[in-house]
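**Student:** Below you will find the structure I want to go over with you.
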């Protein structure tokens, strides 16, 4: 995937996801590198589709040079009280993401797009961003750490055990 030629790195476009993006999301969820960590593609597709109109969930398709390559969701963690995160500051946000295009993984885009998105959240006054990757997903944990997240503890979520990570903006 080409960069935008920007000396500071690629510029990522975070476009609000719509129903017309669902076929692409379904394809990405079926990619082995996504399904390994996100689980059953049909189950995850139903969840993502169902969250399109959820008032506490913002979903984005991430692109470089108008080429979509990733999915990102940003949510109010208090809307899911059984998340295992514990008390959070008011206006905290949670994020989850995956890079769907296989040719784009392991090229630094995960860390860079997380940094770019955190910067956007910081500008809107978000005090803390949290995430909960599978602790065994070393690639995701490393990307979040490079983007400024710190490991806090293992948590029990509705999806199983996860690594709770925090980034104070």
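Throughout, read-outs are computed from the coordinates displayed, never taken from laboratory work. Worth saying up front: this structure is predicted, and the values here are computed from it rather than measured. As a convention, Cβ positions derive from the backbone with ideal geometry for all residues, glycine included, and neighbour counts pool all protein chains shown.
**Student:** What percent do you get for the relative contact order of the chain when only Cα pairs under 8 Å and 6+ apart count? Kindly include the intermediate steps, with their values, before the conclusion.
**Tutor:** Values: 259 pairs, mean separation 32.0, N = 169.
19 percent.
**Student:** Treat each spin label as a single point 7 Å out from the Cα along the C-beta direction, and report the residue 151 to residue 111 distance in nm.
**Tutor:** 1.7 nm
**Student:** Now for a different question. Could you work out [θ]222 nm for the chain from helices alone, using -39500 (n - 2.57) per DSSP H run of at least four and dividing by all its residues? Round to the nearest 500 deg cm²/dmol.
**Tutor:** Working: 5 runs with 49 residues, N = 169.
The helix-only estimate for the chain comes to -8500 deg cm²/dmol at 222 nm.
**Student:** Tell me, how many Å apart are the Cα centres for the range 38-104 and for the range 112-131?
**Tutor:** Their Cα centres are 14 Å away from one another.
**Student:** For the chain, give the share of DSSP beta bridges that are antiparallel, in percent and rounded to the nearest 5; count only bridges with both residues there. Please report the intermediate quantities before stating the final value.
**Tutor:** Values: 29 of 31 bridges.
Counting DSSP beta bridges with both partners in the chain, the antiparallel share is about 95 percent.
**Student:** So between residue 161 and residue 122, what do we pick up on full extension, going 0.36 nm a residue minus the alpha carbon distance? Intermediate results must be reported in sequence, preceding the final value.
**Tutor:** Values: separation 39, 0.36 × 39 = 14.04 nm, distance 2.82 nm.
Extra length from residue 161 to residue 122 when fully extended: 11.2 nm.
**Student:** Apply 1/(1 + (r/R0)^6) to the Cβ-Cβ distance of residue 78 and residue 136, taking R0 = 30 Å, and write down the FRET efficiency to the nearest 0.05.
**Tutor:** Values: r = 27 Å, r/R0 = 0.91.
E between residue 78 and residue 136, to the nearest 0.05, is 0.65.
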